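S.K.: Before we start, here is the structure in question, set down as structure tokens.
The values are calculated or read from the model by the stated rules, or taken from the named source; none is laboratory data. A quick note: this is a predicted structure, and the numbers were derived from the prediction, not measured. Cβ atoms come from the backbone with ideal geometry, glycine included; neighbour counts cover every protein chain shown.
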Amino acid sequence: MTDLAPAAPLGGDPSLSPADTALYATTVLVWGLSWYALKLQLGTAAPEVSVFWRFVLAAAIMMGWAVMRGAPLRFSWRQHPRFAGLGLFIFSTNFTLFYYGGQHVPSGLLAVVFSLTSVLNLLLGFLIFGQRISRRVLLGGLLGVTGVALLFWPQIAGGAGQAGIDAGAVAGLGLCLAGTLSFCFGSMVSASNQKAGISVVSASAWGMAYGALFLGLFAAVRGVSFAVPMTVAYLGSLVYLAIFASVVAFACYLTLIGRIGSARAGYATVLFPVVALMVSTVLEGFVWGTAALLGLGFVLAGNILVLRSGRARA
């Protein structure tokens, strides 16, 4: 993925350029397909071990990519805390919390919780960077979250009807909320890195390396085995998650943050569950009911509001 210079909007939210649109579409498509790949890993190895091997592979590829592109990899010790923060928030904690949360709550609820990224990015961008919140963008984010909730409501209601609300479900929901917040903090770190002139490729390479280090230490302290199933399903999902969902999609997403801002880029996390539903329709027999169709309409309407041009208003 090309390292594109951050766009600096003046006076409002500009229309997406062809490059922005390509970055956005790639992020949505690749992450939308990654939910099924992630599902293939649940219950087969300790969550931190699966995420560890994912980012060991991803970091090696990203480092090689940086070398081939001539992106700098040598930085002063003062800049490494930035990379460690990226590794802590995005490339380790976020995924591990979702893996553990997924053991207690329906997968549909995972997508609904993660879609809150679009709204949380707005709030964090305002609190940390003082970015003004456009009413239109905020409305679009809320429409998107509502739409995703409607899309997955039959699954959520069905799961609740069978299992009830117990301590495990509440704990799982808390883990997923914490994972989403961790991802959003990582987005803020990435935005800060790009403002400091650090290449997305360089920051991602070091961030993934730090993420793998943190996960390896965590797994070692817990005393879990680093062995993983030598099956086609597991190894295939690992390769997809490492190369496409990590290297390619994160390079697109983090570049997009620098170009159009964390609020608008974060809306990709609302739209990609729709792709995940399409995959579920083909591979898992998902049935489209009234709520799902209405939810799809909400998501698309919110997407138009967030991504179209317009003047920002407080």
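S.K.: Within region 58-111, work out how many residues are among the hydroxyl-bearing types (Ser, Thr, Tyr) and out of contact with any helix residue (DSSP H, G or I) (no Cβ under 9 Å at 6 or more places or on another chain).
M.R.: Residues in region 58-111 being among the hydroxyl-bearing types (Ser, Thr, Tyr) and out of contact with any helix residue (DSSP H, G or I) (no Cβ under 9 Å at 6 or more places or on another chain): 1 in total.
S.K.: Right, something else. Give, as residue ranges, the helices (runs of 4 or more DSSP H) completely inside region 231-314 that count at least 3 residues that are at pLDDT 80 or above and more than 30 Å from Gln131 (Cα to Cα).
M.R.: Counting at least 3 such residues, we get 232-239, 268-283, 290-307.
S.K.: I would also like to ask the following. Kindly indicate whether any position in region 197-206 is of a type in the set (S, T, N, Q) and part of a helix (DSSP H, G or I).
M.R.: So far as region 197-206 goes, yes, one or more of its residues are of a type in the set (S, T, N, Q) and part of a helix (DSSP H, G or I).
S.K.: Pull out all pairs, ordered by first then second residue, where Cβ-Cβ is under 6 Å, the residues are six or more apart or on different chains, the first lies in region 39-66 and is among the hydroxyl-bearing types (Ser, Thr, Tyr), and the second is surrounded by fewer than 19 Cβ atoms within 10 Å (Cβ to Cβ) and assigned to a helix (DSSP H, G or I).
M.R.: Thr44/Tyr234
S.K.: To continue, here is another question. Run Met62 past the list (1) modelled with pLDDT of 90 or more; (2) touching a Ser or Thr at 6+ places or on another chain (Cβ under 8 Å); (3) not in a helix (DSSP H, G or I); (4) not hydroxyl-bearing (Ser, Thr, Tyr) and report the number of the one that doesn't hold.
M.R.: Condition not satisfied by Met62: (3).
S.K.: Surrounded by 23 or more Cβ atoms within 10 Å (Cβ to Cβ), within 24 Å of Ser192 (Cα to Cα) and under 21 Å from the mean Cα position of the chain (by Cα) - does that describe any residue in region 65-82?
M.R.: No, every residue in region 65-82 fails to be surrounded by 23 or more Cβ atoms within 10 Å (Cβ to Cβ), within 24 Å of Ser192 (Cα to Cα) and under 21 Å from the mean Cα position of the chain (by Cα).
S.K.: To continue, here is another question. May I ask you to list the residues in region 16-32 that are surrounded by 19 or more Cβ atoms within 10 Å (Cβ to Cβ) and either assigned to a helix (DSSP H, G or I) or of a type in the set (Phe, Trp, Tyr) (or both)?
M.R.: Asp20, Leu23, Tyr24, Thr26, Thr27, Val28, Val30, Trp31, Gly32, listed by residue number.
S.K.: Now a separate question. With respect to Leu42, is the statement that it is closer than 26 Å to Ala212 by Cα, assigned to a loop (DSSP other than H, G, I, E, B) and modelled with pLDDT under 85 true?
M.R.: yes
S.K.: Exactly one condition in (1) touching a Gly at 6+ places or on another chain (Cβ under 8 Å); (2) within 20 Å of Ala191 (Cβ to Cβ) is false for Gly102; which is it?
M.R.: So the condition that Gly102 fails would be (2).
S.K.: Kindly list the number of the only condition in (1) modelled with pLDDT of 90 or more; (2) in a helix (DSSP H, G or I); (3) among the polar types (S, T, N, Q) that fails for Ser225.
M.R.: Among (1) modelled with pLDDT of 90 or more; (2) in a helix (DSSP H, G or I); (3) among the polar types (S, T, N, Q), Ser225 violates only (2).
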